[in-house]
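Novice: Let me give you the structure first, and then I'll get to my questions.
Each value in this text was obtained by applying a stated rule to the coordinates, not by laboratory testing. In this text, all values refer to a predicted model and were calculated from it rather than measured experimentally. FYI the Cβ positions are ideal-geometry reconstructions off the backbone, even for glycines, and counts take in every protein chain you see.
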C-alpha cells in the first residue's frame with residue numbers, strides 16, 4: 001500500500017502506536033502514540049535508522065517479528081513482544097508488522113503497530129500487591145527480626161537450633177484472670193490487645209525478638225537471631241520500657257517481669273509443617289520463675305544480669321529466692337531504673 005495523505009491522517013489518528021520505515025530501515029512516520037511509547041518526537045526521529053529510535057532490544061524484536069509475520073503470511077496477527085525501550089523501561093507489547101507495498105506490489109517499507117499489554121501490566125501489579133501483602137503479614141506474624149532473616153536467607157527455615165547466649169524476659173499480666181472473669185470475652189480481648197500492643201511497641205524499640213504470646217504472657221529475647229554485644233543491658237531497658245508503656249495505657253492491668261541471661265538452644269522448634277522460632281533451656285525457665293515472683297509493676301532479674309549489664313543499673317537486692325523446680329536458689333534483684341553513662345549504648 002502507498003503512504004498518501006489519507007494514510008498519514010489515518011496513522012496519526014490510530015489508537016495504537018504506529019511507525020513506518022523506508023526500505024533502508026529509516027523512520028518515515030511516527031504517530032503521537034508511538035512518540036509517547038518511544039519517548040521521542042517526530043522531528044528528531046524522521047530519517048534516522050530504526051535501531052537508533054527503537055533501541056537495540058526493541059529493534060531486535062522488530063526484526064524477528066517481521067520475519068515471523070513474513071513466514072506465516074499474516075501481518076495483521078499481533079504477537080507478544082517483551083523488550084526494553086531506549087529509556088530503559090521494560091514493556092510487554094501486542095505488536096504486528098508487515099511490508100508496505102506500492103500499487104504494483106513492490107515493497108518500499110515496513111509498518112509497525114503496537115499496543116502495551118495492559119492485561120500483563122495489571123497481572124504484574126496484582127502479583128506485586130499480593131507479594132507485598134504476604135511480606136507485610138510475614139513481618140506482623142514473625143516480627144521484623146525473624147521476617148527479615150527469612151527473606152534474606154531462605155535456608156534459615158528448617159527444624160533445629162544452636163546453643164548460644166541470650167537474654168530473655170518473661171512478662172505476665174497481674175490480675176488478668178480476675179478481670180477476665182468480670183468482663184465479656186470481647187471486652188477482655190480488647191483490653192489485652194491494648195496492653196500487649198503497647199508492650200510489643202516498647203520491646204521492638206529496644207530491638208527485642210518477640211518469641212510468642214501465651215495468653216496474657218509475653219516472651220522476648222535479645223542476641224538472636226542477630227547478635228548484639230549489649231543484649232543484657234538491652235533486655236533490662238526493654239523490661240523497663242514495657243512497664244512504662246503499660247502504665248501509660250491505664251491502671252486496669254500491670255506486668256510482672258523476670259529477666260535472665262545465659263545459654264539456651266535457639267532455633268526453629270516443631271516439624272516441617274509448623275515451626276516456631278524460640279529459645280529452650282534453663283535460661284528461659286529461670287526468667288519465667290522470676291516473673292512469677294515479681295509483683296505488678298516489678299522487674300526482677302538474676303545477679304548474672306546485673307553483673308553483665310554494665311554500670312548505672314539502679315537495683316535493690318532481694319537475696320536468694322527459691323525457684324520452683326530448681327534445687328539451687330537464685331540471687332535476685334529488683335530493677336529500679338537505669339542511668340545511662342557516657343559511652344554506653
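Novice: Under a plain spin-label model, where a point goes 7 Å from the Cα along Cα-to-Cβ, how far apart in nm are residue 77 and residue 12?
Specialist: 3.4
Novice: Quick check for you: which residues of region 15-49 have the amide N under 14 Å from the point 7 Å beyond the Cα of residue 116 toward its beta carbon?
Specialist: 16-17, 33-40
Novice: For residue 134 and residue 102, calculate 0.36 nm times their separation in residues minus their Cα-Cα distance, and state this gained length in nm to one decimal. Let's see the in-between values first.
Specialist: On the way: separation 32, 0.36 × 32 = 11.52 nm, distance 5.73 nm.
This chain segment gains 5.8 nm when fully extended.
Novice: Let me make sure I get this right: for region 5-116, a, b and c are the square roots of the gyration tensor eigenvalues over alpha carbons, sorted descending. Under 1.5 in a/c it's rounded, otherwise prolate if a/b > b/c, else oblate. Which is it?
Specialist: Numbers: a/c = 1.45, a/b = 1.14, b/c = 1.27.
It is rounded, given that a/c, with a ≥ b ≥ c, falls under 1.5.
Novice: Roughly speaking, what is the stretch gain from residue 212 to residue 164, that is 0.36 nm per residue apart minus the C-alpha to C-alpha distance, in nm to one decimal?
Specialist: Numbers: separation 48, 0.36 × 48 = 17.28 nm, distance 1.91 nm.
Taking residue 212 through residue 164 to full extension adds about 15.4 nm, to one decimal.
Novice: I would also like to ask the following. Output the antiparallel fraction of DSSP beta bridges having both residues in the chain, as a percent to the nearest 5.
Specialist: On the way: 69 of 72 bridges.
Of the beta bridges lying entirely in the chain, close to 95 percent run antiparallel.
Novice: Between 0 and 90 degrees, rounded to the nearest ten: what's the tilt of helix 118-142 against the longest Cα principal axis of the chain?
Specialist: 10
Novice: What percent does the relative contact order of region 159-338 come to when contacts are Cα pairs within less than 8 Å and at least six residues apart? If you can, show how the numbers build up before the last one.
Specialist: Numbers: 372 pairs, mean separation 46.3, N = 180.
So the answer I get is 26 percent.
Novice: Return a whole-number percent for the relative contact order of region 5-116, with Cα pairs under 8 Å and 6 or more residues apart as the contact set. Spell out each step's value before the answer.
Specialist: Details: 200 pairs, mean separation 28.9, N = 112.
Relative contact order comes out at 26 percent.
Novice: Given the -39500 (n - 2.57) contribution per DSSP H run of 4+ residues, what per-residue ellipticity at 222 nm results for the chain, rounded to the nearest 500 deg cm²/dmol? Could you put the intermediate results ahead of the total?
Specialist: Working: 11 runs with 142 residues, N = 345.
When only DSSP H runs of four or more count, the value is -13000 deg cm²/dmol.
Novice: Only Cα pairs under 8 Å and at least 6 apart count here; give the relative contact order of the chain as a rounded whole percent.
Specialist: Details: 613 pairs, mean separation 41.3, N = 345.
In percent, rounded to a whole number, it is 12.
Novice: Still on this structure, I have one more. Relative to the longest principal axis of the C-alpha atoms of the chain, give the angle of the C-alpha long axis of helix 185-205, reported between 0 and 90° and rounded to the nearest 10°.
Specialist: 80
Novice: Relative to a virtual label point 7 Å from the Cα of residue 84 in the Cα→beta-carbon direction, which members of region 28-57 show backbone nitrogen distances below 16 Å?
Specialist: Counting only backbone N, you get 52-57.
Novice: Find how much the distance from residue 321 to residue 269 grows on full extension, using 0.36 nm per residue of separation minus their present alpha carbon separation; answer in nm with one decimal.
Specialist: Values: separation 52, 0.36 × 52 = 18.72 nm, distance 3.09 nm.
Length difference between fully extended and current span is 15.6 nm.
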